[in-house]
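Novice: Please read through the structure below; I'll follow up with questions.
Throughout, read-outs are computed from the coordinates displayed, never taken from laboratory work. Just so you know, these numbers come straight off a predicted model, no measurement behind them. Cβ sites come from the backbone with ideal geometry, for glycine too, and all protein chains shown count toward neighbours.
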Amino acid sequence: MQSKKRNELHNDKFSLIPAMTKDDFRSWEIVCFDCGNDDLNEFFQIDAYPHHEQLLATTYYFQPKEATDSDIFYPVALVSLLNDRVEITREERKGSKKDFGKSLKKGIPYPKRNYSSFPAVKIGRLGVSTKFQGQEIGTSLLNMIKALFLTSNRTGCRYITVDAYQEALPFYYKNEFAPLWDEDENEPQRILYYDLKRFIPLL
């Protein structure tokens, strides 16, 4: 059973909570956070707070529920989220970018398929502590993010998107993300999406 406070979510095993204060971002647990990727580490350690101050992105920490219950700050993963949209131009709707067009036909009622864009949330950065990698923490975090945006959704959000590096593609594919377009198949990053309507029966 999911329970929630404003902008956070808890289940029996984990908590997903936004970092809100300068003290949160300057805590030892974030300043020394190590996910094994220097670029991600630098963002969470240095850049996450300025992004928060300027309302550009919100960083959440993901930790065991028992740590939350004991009022302990013990993030096993960090994720930065920001607003996004999936934009469909007239030419794209005609079929130059076919994969997403097919999903629209299957998942969105006919009168709404002609919208020029659809609301989304973007995973800007996601890192799992090296101490907890290989334990399905990333999958648990993604499931919590999906649930978060289906729990008292304030503004409407249909999709989760991510610009995934090639080495991260297997992780996102395993968690049912799909390429948005065919055109970036051989690029260093691919735009992936997840349709939140698919997750509703799992809540």
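Novice: Tell me the net charge near residue 199. Cut-off is 14 Å between Cβ atoms, residue 199 excluded, with +1 for each Lys or Arg and -1 for each Asp or Glu.
Specialist: So the surrounding residues net to +2.
Novice: Between residue 198 and residue 83, what FRET efficiency comes out of the Förster formula 1/(1 + (r/R0)^6) with R0 = 25 Å and r the beta carbon distance, rounded to 0.05?
Specialist: Efficiency, from the Cβ-Cβ distance: 0.75.
Novice: Counting only residues 5 or more places away or on other chains, whose amide H sits under 5 Å from the amide H of residue 77 once H atoms are built in the peptide plane?
Specialist: 62, 129
Novice: Treat each spin label as a single point 7 Å out from the Cα along the C-beta direction, and report the residue 28 to residue 183 distance in nm.
Specialist: It is 5.0 nm.
Novice: What is the distance in Å between the Cα centres of the range 135-190 and the range 10-28?
Specialist: When both Cα centres are located, 21 Å separates them.
Novice: I would also like to ask the following. Using θ = phi - 60° and the Karplus curve 6.51 cos²θ - 1.76 cosθ + 1.60, what whole-Hz ³J(HN,Hα) does each residue of the range 184-193 get, with Gly and Pro shown as x?
Specialist: 9, 4, 9, 7, x, 10, 10, 7, 10, 9
Novice: Based on the Cβ-Cβ distance from residue 71 to residue 130, what FRET efficiency comes out when R0 is 35 Å, to the nearest 0.05?
Specialist: Efficiency, rounded to the nearest 0.05: 0.90.
Novice: Sticking with this structure for a sec: Set the Förster radius R0 to 30 Å, insert the Cβ-Cβ distance between residue 115 and residue 174 as r into 1/(1 + (r/R0)^6), and round the FRET efficiency to 0.05.
Specialist: Working: r = 30 Å, r/R0 = 0.99.
Using R0 = 30 Å, I get an efficiency of 0.50.
Novice: Let me ask you something else. Each residue of the range 22-31 in turn: what ³J(HN,Hα) in whole Hz from Karplus with 6.51, -1.76, 1.60 and θ = phi - 60°, glycine and Pro shown as x?
Specialist: For the range 22-31, the Karplus curve yields 4, 4, 4, 6, 9, 5, 4, 5, 8, 4 Hz.
Novice: Right, here's the next one. Near residue 54, within a Cβ-to-Cβ distance under 14 Å, what is the net charge of the other residues, with Lys and Arg +1 and Asp and Glu -1?
Specialist: Local net charge: -1.
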